[in-house]
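Here's the structure we're looking at; comments come further down.
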Amino acid sequence: MSNDDETKSPIDEIEDLDLGDEKKQPHKGVYLLPNLFTTAALFSGFYSIIAAMNGDYINAAVAIFISMVFDGLDGRVARLTHTQSAFGAEYDSLADMVSFGIAPALVVFTWSLAPLGKVGWVAAFIYAVGAALRLARFNTMLGVEEKRYFTGLPSPAAAAIVAGIIWAANDTGVSGESLATLMAVIVPVTGLLMVSNVKYRSFKDLNLKGRVPFVVLLIAVLALVLIALEPALLMMGVFCLYGLWGLLGVVFKRFR
């Protein structure tokens, strides 16, 4: 033992321990890029609510679809740039609750369900709580759930069903009040599908890097043309079919 160690006072030893603790503390801060996309998704969901309060239901519905785009990008950007974090995962879930839970419920209530009184807000609440439970269950099943399938209807797809109907109806001049009874059925059923055990394809196993027949490229071009011509009707149709696809899969499975 050196003379320096022998002459250290108790105060010096405490200071050394404090310096060691400071060195072990993790760096504070968050990754900017993926969280910017999450913030953009949250902003779109928030804007959707504001637009609905002002009676601009087309922009309210479109904002939910824009939020879906940003929500799909934040996770992919985090994986590509190796900036995944626990903070980002929690922030993403909170943003999803606003964009795909609260926003669709409030927009559809303002647009269609309000004249039904208690029945209307209960239907909207069932959807909102379904989204909350879906997100909570998804977070607890990370790494456990099969990659090819989601258990329950994904919250972005559920939000797209509600927003797609609102967008298509307003685009064709159909009022929300005339669809109040129909929406009082569709909205809570969509909420219940989110917490069901119905399996929905995730399409995470699709190989977009491989070669495909030339006809597939033609179909993709045709799909883009249809989106450009009738985006509201096409979005509504695609996501409503996706919501029904899981139910049809259960029916076919039972009759096999």
Compactness ratio of the range 74-229: Cα Rg over 2.2 N^0.38 Å, N = residue count? 1.21
For a quick check: with amide H placed at 1.01 Å from N, whose amide H comes under 5 Å from LYS199's, ignoring anything fewer than 5 positions away on the same chain? GLY152
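Set the Förster distance to 41 Å, then compute FRET efficiency between HIS82 and LEU247 from the Cβ-Cβ distance, nearest 0.05.
On the way: r = 39 Å, r/R0 = 0.94.
So the FRET efficiency works out to roughly 0.60.
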Once the convex hull of the alpha carbons of the range 45-121 is built, what does its volume come to per residue, in cubic angstrom? 79
For TYR149, what residues show an amide H to amide H distance below 5 Å, using hydrogens built from the backbone and excluding near sequence neighbours? SER202
Put a dot 7 Å past each Cα toward the Cβ at VAL129 and ALA220; how far apart are the dots in nm? 4.4
Share of carbon and sulfur in the accessible heavy-atom surface of the range 61-173 [1.4 Å probe, %]: 69
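The values are calculated or read from the model by the stated rules, or taken from the named source; none is laboratory data. Note that this is a predicted model, so its numbers are computed, not measured. Note that each Cβ is placed from the backbone with ideal geometry, even for glycine, and that neighbours are counted across all protein chains shown. Just so you know, the surface numbers come from the protein's heavy atoms only, side chains and all, with ligands and any DNA or RNA stripped out. Shrake-Rupley method; radii C 1.70, N 1.55, O 1.52, S 1.80 Å.
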